[in-house]
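Below is one structure, written out as structure tokens; the observations come after it.
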Amino acid sequence: MIATCRVLVLLAGGLAAFGTGLAFGQAIDVGGRAFVDYYSVVSTPDAAQEDLSHPLSVADTARDGLHGFTYRRLYLTTDFRLSRTLEGRARLEANEGSSGPNGPMPFVKDLYVTWQYNGDHSATIGVTEPPVFEVSTDMWGYRSLEQTILDRRGIASSRDFGLRLDGPLLAAGHVRYAVMYANNNSTNPETDPYKRGYGRLSATPTDRLTLVAGADYTAHQDQREYSVRGSAFVGYEARRVRVGLEGYGRTTALTDTTTTDEFGASLFGVLQVARSWEVVGRLDWSTELRPQSGPASGLGFDPVESLLLAGVAYRPTPNVALTPNVWIRNSNRFSESDTLLRLTLDLSF
């Protein structure tokens, strides 16, 4: 791990030095971001011990009472501009969920090139964000505390490998499109012949209001035949407040002719109460409608899950946020809530 970090630091320094000697019109910027926690586990249901979606990403039957320091995520990013129409990004990530025998293992998070081929129309190829929840994530603004609901619930990955097209549908740019054709295997190599198609429309009828509608489709090479997802987002942002509501539905057809339907919604709000202080709150609800067998045959909701997140953020500078927060998850699978107290540092450099 130490050797890997040395290589990354030397690479970043070399790229930065090289960037000063690039030809006119070319540039390289190196930066990063880190999410660091001091956490205390208040309660964890026994049935959740093996749940790898938990923020701690650990399977420990004695997790109640656990407390300590951890970094959940670390980015090292190189943004490069090759010309007025060509730019790209190479980003490495290490997180506590990607640990190996010798500690966290960095992996490729972003690796893409974008071509501005006709005004504001662009084509991107490589490992990049699919057009799913990036608009809601940007408006939420507290990725350091939690992923937005489609990301957290695994409805779509935050990255995919493929070709993406973006641009305005109207001359004023108030309505935009984004489509993508990709592997549907996140940042990993392709493993089957099927691909995933994404589509999204976004509109900004006013400076404060944002509307988004999206969908995707993919076939599968297992007991699932295909999956189709639809989602929508409404966001409002003023000088001191922003509010967002996001919802989704996904249907997965199984090869035995049954289907599984998933639904979810997330409501969040951020209020600036002073120059450097914000109050943050969020409530998620999600469920699955599954085929039931035996005496309770038919369709049944299982599981039903809710997430409550609240915190107070202090920003001494724009690129630093220190947020005491509470994370509470309830599910009908568990007899008690899953509760964390955290002090979260979000640092960009």
Legend entry - Cα-projected label distance for D222 with S83, points at 7 Å along beta-carbon direction, nm: 4.3
Inset, instruction - Go ahead and run the numbers for FRET between Y194 and R275, Cβ-Cβ distance against an R0 of 35 Å, rounding to 0.05. - result: 0.10
Inset, instruction - Between H174 and L211, with labels modelled 7 Å along Cα→Cβ, what's the label distance in nm to one decimal, could you check? - result: 1.0
Legend entry - Neighbour-count order for V135, V113, fewest beta carbons within 10 angstrom listed first: V113, V135
Legend entry - Packing-based ranking, highest mean first, of 64-72, 162-170 given that Cβ atoms within 10 Å are counted: 162-170, 64-72
Inset, instruction - Convert each backbone phi in the range 225-238 into a coupling constant with the Karplus relation 6.51 cos²θ - 1.76 cosθ + 1.60 (shift: θ = phi - 60°), then list the ³J(HN,Hα) values in order as whole Hz, x for Gly and Pro. - result: 8, 7, 9, 9, 10, x, 8, 8, 9, 10, x, 10, 9, 10
Inset, instruction - Apply 1/(1 + (r/R0)^6) to the Cβ-Cβ distance of Y236 and D64, taking R0 = 41 Å, and write down the FRET efficiency to the nearest 0.05. - result: 0.55
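Read-outs: derived from the displayed coordinates by stated rules, not from any lab. Keep in mind it's a predicted model, so treat the numbers as computed, not measured. Positions of Cβ are backbone-derived with ideal geometry, glycine not excepted, and every protein chain shown enters the neighbour counts.
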